[in-house]
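The values are calculated or read from the model by the stated rules, or taken from the named source; none is laboratory data. Nothing here was measured: the structure is a model prediction, and the numbers come from that model. Neighbour counts are summed over all protein chains in view; Cβ atoms, including those assigned to glycine, are modelled from backbone coordinates with ideal geometry. In case anyone asks, the SASA skips ligands and DNA or RNA and just uses the protein heavy atoms, side chains included. Shrake-Rupley method; radii C 1.70, N 1.55, O 1.52, S 1.80 Å.
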Amino acid sequence: MTVSDHYTEVTTTLGRELVLLRFADALGELGPVAGLQVHRSHWVADAHVARLVRDNGRMTILLCDGTEVPVSRTYAAAVRQRWGYRLPRSRP
């Protein structure tokens with residue numbers, strides 16, 4: 001999920017949809033889906049993480065569909081703890 005103005009963009013394997021819903025409320029509606037908020041504007045499901053990428057000190061998450069999602073410093077430790085075993089040294 002990604003914040004887009006006053007909408008939350010929800011991306012699944014079935015497609016993308018913009019929902020008029022605050023991001024905080026969308027996070028509350030997730031239910032039992034395993035994942036993590038990785039940035040103030042992004043939440044990622046565990047099942048869609050391909051690997052973590054570090055480039056010039058910046059960490060991003062590479063999703064299975066090729067999308068890169070930024071990781072903020074606030075969430076970096078939690079991201080490394082959850083998916084750190086997928087962290088390569090540099091970009092391929």
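In the stretch 30-43, the residues that are surrounded by 18 or more Cβ atoms within 10 Å (Cβ to Cβ) form Cβ pairs under 9 Å with partners that are among the charged types (D, E, K, R), at six or more places apart or across chains, as follows: LEU36/ASP46; LEU36/ARG82.
Residues in the stretch 52-64 that are over 20 Å from THR12 (Cβ atoms) and either open to solvent by 50 Å² or more (accessible area, probe 1.4 Å) or touching a helix residue (DSSP H, G or I) at 6+ places or on another chain (Cβ under 7 Å) (or both): LEU52, ARG54, ASP55, ASN56, GLY57, ARG58, MET59. Counting only strands (runs of 3 or more DSSP E) that fall entirely inside the stretch 1-82 and contain at least 1 residues that are out of contact with any strand residue (DSSP E or B) (no Cβ under 8 Å at 6 or more places or on another chain), the qualifying elements are 7-12, 15-19, 49-55.
A single entry from THR74, THR8, THR67, THR12 fulfils the requirement of being buried (at least 18 other Cβ atoms within 10 Å of the Cβ) and not hydrophobic (A, V, I, L, M, F, W, C): THR8.
Residue-by-condition table, conditions (1) touching a Lys or Arg at 6+ places or on another chain (Cβ under 8 Å); (2) under 15 Å from SER72 (Cβ atoms):
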| site | (1), (2) |
| --- | --- |
| LEU14 | no, no |
| GLU17 | no, no |
| LEU20 | no, no |
| GLY28 | no, no |
| LEU36 | yes, yes |
| VAL44 | no, yes |
| ARG51 | yes, no |
| GLY57 | no, yes |
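No other residue among VAL49, VAL19 is at pLDDT 90 or above and within 14 Å of the chain's Cα centre (by Cα) apart from VAL49. Of the numbered criteria (1) open to solvent by less than 60 Å² (accessible area, probe 1.4 Å); (2) of a type outside the set (Ser, Thr, Tyr); (3) touching a His at 6+ places or on another chain (Cβ under 7 Å), the one LEU20 fails is (1).
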